[in-house]
1. For L65, what accessible surface area do you get with a 1.4 Å probe? Give it in Å², rounded to 10.
2. Once the Cβ-Cβ distance between D10 and D89 is put in as r, and R0 is 25 Å, what FRET efficiency do you end up with, to the nearest 0.05?
3. Label A81 and S61 with points 7 Å out from Cα along Cα→Cβ: what is the distance between them in nm?
4. Describe numerically, in nm with one decimal, the distance between label points set 7 Å from Cα along Cα→Cβ at M1 and at E23.
Amino acid sequence: MTREIGELSDEAAVQALAAVAEELGLLGAARQYDWDEAELSETLDAGYVDAYLSPGQPVASEGELARATLVYVASLGEDMARTVNEAADFARSPGERSLLMTIGVPVLVVVVLQTEVLVKRDTRGKWSLTIHKKAMKDAALGRVFTALLSRIGGGQ
């Protein structure tokens, strides 16, 4: 399945991720976030980002971030693998895509990984990002975090 996900175009990968979020009933939660990548980027501690990113590492594209997330979600068990497979089939099929909307890919990643990532706003209106670090034995999750931090950190 990793190979099949890797072959998705950027647009199809984003579509598949949105379809996974919809299937999991998470699009409503995604619509509640009103932060954007630039605003969240301002909250990141450069030292924290640097711990995950190589110097000069390019910013991950939306498609790269979506593909990394799909690979990780598919690794969570048979039911999730089936969901990702169906979402990828949907994204590859011809026809109009109604799921491609104004929700940014980082927001989709955060809601899909809601047990791993927390975004909240403090009393002054400033957003913060908390990533629950596990032992990074799971290379797929490590790739998601790296791509997410690259995307919202803007390659700091």
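The values are calculated or read from the model by the stated rules, or taken from the named source; none is laboratory data. Being a predicted model, the structure only gives us computed values, none of them experimental. Ideal geometry is used to build each Cβ from the backbone, glycine not excepted, and the neighbour counts take in all protein chains shown. Quick note on the areas: whole protein, heavy atoms, side chains included, nothing else; ligands and nucleic acids left out. Shrake-Rupley method; radii C 1.70, N 1.55, O 1.52, S 1.80 Å.
1. Per-residue accessible area (L65): approximately 0 Å².
2. 0.90
3. 2.8 nm
4. Taking the simple label geometry, M1 and E23 are separated by 0.8 nm.
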